[in-house]
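The values are calculated or read from the model by the stated rules, or taken from the named source; none is laboratory data. All values derive from a computational prediction rather than experimental measurement. Backbone-built Cβ (ideal geometry, glycine too); neighbour counts: all protein chains shown. All accessible areas refer to the heavy atoms of the entire protein, side chains included, with ligands and DNA or RNA removed. Shrake-Rupley method; radii C 1.70, N 1.55, O 1.52, S 1.80 Å.
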Amino acid sequence: MTVDVRAVTESEFHDWQRALRTGFLRPPVVTDAEVADRLPHVDLARTAGAFDGDRIVATFRSFRQEVSTVGGGSLTADAITQVTVSPTHRRRGLLSRMMSEDLAAAKERGDAIATLIAAEYPIYGRFGFGPASHSTEWSVDVARAGLDPRRSGRPEDGGRIDLTDADEIRKIGPEVHGRLAGVRAGVTDRSPRDWEVGTGRSVQSDPWREPYYAVYRSESGEVEGFVAYTSDDKWDDGKQPLNTAKVRDLIAVTPAAERALWHYLCSVDWITTVRSGYRAPDEPLPLLLPDPRAARVLTHVDMLWVRVLDVVRVLESRTYPVADGLVLDLRDGGGFAGGRYRLDASPDGVSCVRTDESADLAFDIAELGVLAFGDESAVRLTRLGRVEELTAGAAARADLLFRTPLRPFSPDIF
């Protein structure tokens, strides 16, 4: 029987959710409360299902997203999520059909990029996606860290840490998050719905455990960061606490806030281990501790994947630290953004246009997002064979041009 790929209707959304849970190996049970909670926030025109008869055997959804770029700009993205294919229908080209249709629609809408978080690394490169940001998680041995626990709520800079609740986080969080997008590339926007889901004010797929919330205010009273964290309840046989604090969300937009919040977490009574959650790879957490070896890397993984759909907008959306010009020959098997482009950039401005000039560098479109967001080196990609250097020294020049003071950071999984 032919498998039909199309947008789902409201009456089919329950079955679509069931297929989604099946694909993600979660219990295939969907309540009416879940459907009622999620349906108003889903664009059904961008929610696709693959139908084998009456049964949904693959799922695919996208939504509008804003992603921060180097220097505080932003790009409109086609954010792709909830992609599954049932185990009975793998290797039949269903993902390729859904992806090609979605990317074509995104290009038609004028989206500059498409984004996703890849559950499996090998899948999305063939569609022109590349990993544009990475995340690192640390485990901190509090006893070894060497911090003075008496300073937990009294930052030395004159600021203060206050415990708060989810209601206040929903009020102050969006402004702080917006400031983070101004200093880090790769930050995806959060909708009001995202803040409600992230603070437990909606139906949850998994049992919700209310976190603790703490806010950092500068000496002048300005909110510069906050943290949400949970703790387990573990004690050893000698009645000694062995509790682990797990960070659910931490946003700090100043070095003072960053230092104060990490010091606070490492100074809470009964907490012997702090798990940082996913953080930027260049997070200073280890170096904020008297003994940096107390912070052990648990995970270092790719995070935000980017597929460039509009080369000119992507390259003109960011800032550049030096003045130079390069001609890039971009290969795009999907046919959305290939061609030869001349990039002329400096700290004063940038221009990108199509050209017939000889190219300095040639590479697949998947590498452009990686370079444009500043998380990779053109020299290293050349050594890997993923970038072809056609003009001697062009890769090193590209590194200077695309260099960023901070690595991109994507704190949210969508």
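Observations, loosely collected:
- Condition met for V142 (at pLDDT 95 or above and more than 20 Å from the chain's Cα centre (by Cα)): yes
- All positions within the stretch 74-98 that are within 20 Å of G130 (Cα to Cα), assigned to a helix (DSSP H, G or I) and open to solvent by less than 70 Å² (accessible area, probe 1.4 Å): L95, S96, M98
- Any hit, the stretch 172-182, residues being part of a strand (DSSP E or B), closer than 27 Å to P131 by Cα, at pLDDT 95 or above and touching a strand residue (DSSP E or B) at 6+ places or on another chain (Cβ under 9 Å): no
- Residue in the stretch 134-142 that is under 26 Å from R331 (Cβ atoms) and out of contact with any Lys or Arg (no Cβ under 6 Å at 6 or more places or on another chain) present: yes
- Hits in the stretch 37-54 (condition: open to solvent by 60 Å² or more (accessible area, probe 1.4 Å), closer than 27 Å to R201 by Cβ and free of Cβ contacts under 8 Å to residues at least 40 places away in the same chain): P40, D43, A45
- Any hit, the stretch 52-60, residues being in a loop (DSSP other than H, G, I, E, B) and within 23 Å of the chain's Cα centre (by Cα): no
- Meets criteria (in contact (Cβ under 8 Å) with a residue 24 or more places away in the chain, open to solvent by less than 30 Å² (accessible area, probe 1.4 Å) and under 30 Å from A114 (Cα atoms)) for L330: yes
- Residue match in the stretch 16-30 (condition: part of a loop (DSSP other than H, G, I, E, B) and closer than 29 Å to R109 by Cβ): yes
- Of note, T199 satisfies the criterion of being farther than 30 Å from A372 by Cβ and within 19 Å of the chain's Cα centre (by Cα).
- The helices (runs of 4 or more DSSP H) located wholly in the stretch 360-414 that include 3 or more residues which are within 30 Å of R61 (Cβ to Cβ) and open to solvent by less than 50 Å² (accessible area, probe 1.4 Å) occupy 365-372.
- The lone exception for E357 - which of (1) open to solvent by 40 Å² or more (accessible area, probe 1.4 Å); (2) assigned to a strand (DSSP E or B) it fails: (2)
- Hey, R154 free of Cβ contacts under 8 Å to residues at least 12 places away in the same chain, under 18 Å from L289 (Cβ atoms) and surrounded by fewer than 18 Cβ atoms within 10 Å (Cβ to Cβ) or not: yes
- When D232, D141, D189, D194 are screened for being closer than 23 Å to R296 by Cβ, among the acidic types (D, E) and surrounded by 15 or more Cβ atoms within 10 Å (Cβ to Cβ), only D141 passes.
- Out of L298, L289, one residue alone is within 30 Å of E376 (Cα to Cα), buried (at least 20 other Cβ atoms within 10 Å of the Cβ) and touching a residue at least 60 places away in the same chain (Cβ under 8 Å). It is L289.
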